[in-house]
1. Among Phe149, Phe228, rank each residue by its count of other Cβ atoms within 10 Å, from fewest to most, as a rough exposure measure.
2. Select from Gln83, Val152, Gly190 the residue farthest towards the positive end of the dipole of region 74-228; place +1 on Cβ of Lys and Arg, -1 on Cβ of Asp and Glu, and compute about the Cα centre.
3. Starting from the Kirkwood Rh over alpha-carbon pairs, what translational D in µm² s⁻¹ does region 4-65 have by Stokes-Einstein at 10 °C and 1.306 mPa s?
4. Is region 110-231 best put as rounded, prolate or oblate by its Cα gyration tensor, with a ≥ b ≥ c the root eigenvalues, rounded for a/c under 1.5, and otherwise prolate when a/b is larger than b/c, oblate when not?
5. What FRET efficiency do you get for Glu184 and Thr17 if R0 is 35 Å and r is their Cβ-Cβ distance, rounded to the nearest 0.05?
6. Relative to the Cα centre, what is the charge dipole magnitude of the chain, using +1 at the beta carbon of each Lys and Arg, -1 at the beta carbon of each Asp and Glu, and rounding to the nearest 20 debye?
7. Express in nm, to one decimal, how much length is gained between Arg26 and Met1 on full extension, taking 0.36 nm for each residue of separation and deducting their alpha carbon distance.
8. List the residues, sorted by chain then number, that are 5 or more residues from Ile5 or on another chain and whose placed amide H is less than 5 Å from its amide H.
Amino acid sequence: MRHRIFVETIEPSVTVTGDEFHHSIRVIRARVGEEVELFDRAGNAALGVVESIDRDRAVVAVREAVPSRESPLAIHLAMAVIQLEKFELVLQKATELGVRTIIPLVTERVELRPERYSGKMERWQKIVFEAVKQCGRAVVPAIEAPATFDEVLARGGPKILFEAGAASAPIETLQEVTILIGPEGGWSDGELQRARECPSLSIEPLGPRRLRAETAAIAAVSVVASRFGDL
């Protein structure tokens, strides 16, 4: 894949400055005449050619739009807040797999205290942005404020909760879905009971083995994206 450069808006001629200029020209060493890919805040992407390079800026001439790489399935991942390094791995991989929204999920068995993750939003957004840049997406997934289990259950639209050993309930088609992944300690009995009572939620298994939370998140998104999306 060509080197990708983020810009505020895509116009016929784009000037690249700041961090994107430093990374593209000083680190990656893009050169005049080289073809690059641009993407912007609006979710647009286009091919362009580096026309000129000055001391602190480069000019890219836009050639043609790039077809969208977004999945037709809108996946919202409600991921239990687990050990921060593992949670950040999920952010990265979920972005690569096409997730549109990530909701840090607070469940009864979440072990991390709120003060451990309350100031992490800026770091999380940076991780997601870098994953977007790497994987070829133009749309940056939203990271919502942490939500409780019951708040996620109350969201509109279909939902799937993954639980080891659950009996599968066949789903024929999906255009949008919220996936719920629990913490290392699993779901509490009360959470599972409330999930069973939620009319818009189905409980699905994820194979015969108990997976770590970060593995379960990556596997669940992959399974759903493969069945109903573009994997």
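1. Phe228, Phe149
2. Farthest towards the positive end: Gln83.
3. D, rounded to a whole number, is 142 µm²/s.
4. oblate
5. 0.20
6. Charge dipole, the chain, about its Cα centre: 440 debye, nearest 20.
7. Values: separation 25, 0.36 × 25 = 9.00 nm, distance 1.90 nm.
The Arg26-Met1 span can extend by a further 7.1 nm.
8. Counting only residues 5 or more places away or on other chains, the set is Glu37, Leu38, Phe39.
Just so you know, all these numbers are worked out from the coordinates, no wet-lab data involved. What you are looking at is a predicted structure, and each value in this text was computed from that prediction instead of being measured. For neighbour counting, all protein chains shown are included, and Cβ atoms are generated from backbone atoms with ideal geometry for every residue, glycine included.
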